[in-house]
1. Using the alpha-carbon atoms, what tilt in degrees (0 to 90, nearest 10) does helix 45-72 show relative to the longest principal axis of the chain?
2. In what sequence, highest mean first, do 73-79, 87-93, 44-50 appear when ranked by Cβ atoms within 10 angstrom?
3. By how many degrees, 0 to 90 and rounded to 10, does the Cα axis of helix 78-105 deviate from the longest principal axis of the chain?
4. May I ask which of 47/85; 2/103; 12/47; 12/93; 2/47; 12/55 have a Cα-Cα span longer than 28 Å here?
Amino acid sequence: MKYIRSLAKLEKIEPYGAQKKIEGSATAVIPGVTIHIPLKGIIDLSKEVERLKEKVVKLDEEIDKVKQRLSANKNIPEDVLDEWKAREQEFLKQKGTLQDQIKSLTV
């Protein structure tokens, strides 16, 4: 942890139990590790929530575009269809992550 603390220029790192949630924090999930970064008092949480909501709106627009392509193009190669479906799934995953972040910041 000393290496991470030094690299991230942190004053301290506090390990928490897996079930503990930190109010007003950003969360990053890496396989096997969940990192909560307290933001309350550091940034304007309402502005951050608005920024995240704007990203959700943009993702919704991208999801709609992909859905339109999938429904309008019946005679396209399978590999292109697969690419569009994968893109849609990635956008949906990103949207879910952003919605979770919004929820954690507004608790």
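Bear in mind these aren't lab numbers, they're just calculated from the coordinates by the rules spelled out. Being a predicted model, the structure only gives us computed values, none of them experimental. A quick note on method: Cβ atoms are made from the backbone with ideal geometry, for glycine too, and the neighbour counts reach across all protein chains shown.
1. 20 degrees
2. Numbers: 73-79: 8.4, 87-93: 14.9, 44-50: 12.7.
Output ranking for 73-79, 87-93, 44-50: 87-93, 44-50, 73-79.
3. The answer is roughly 30 degrees.
4. Numbers: 47/85 32 Å; 2/103 31 Å; 12/47 26 Å; 12/93 32 Å; 2/47 32 Å; 12/55 31 Å.
Beyond 28 Å between Cα atoms: 47/85; 2/103; 12/93; 2/47; 12/55.
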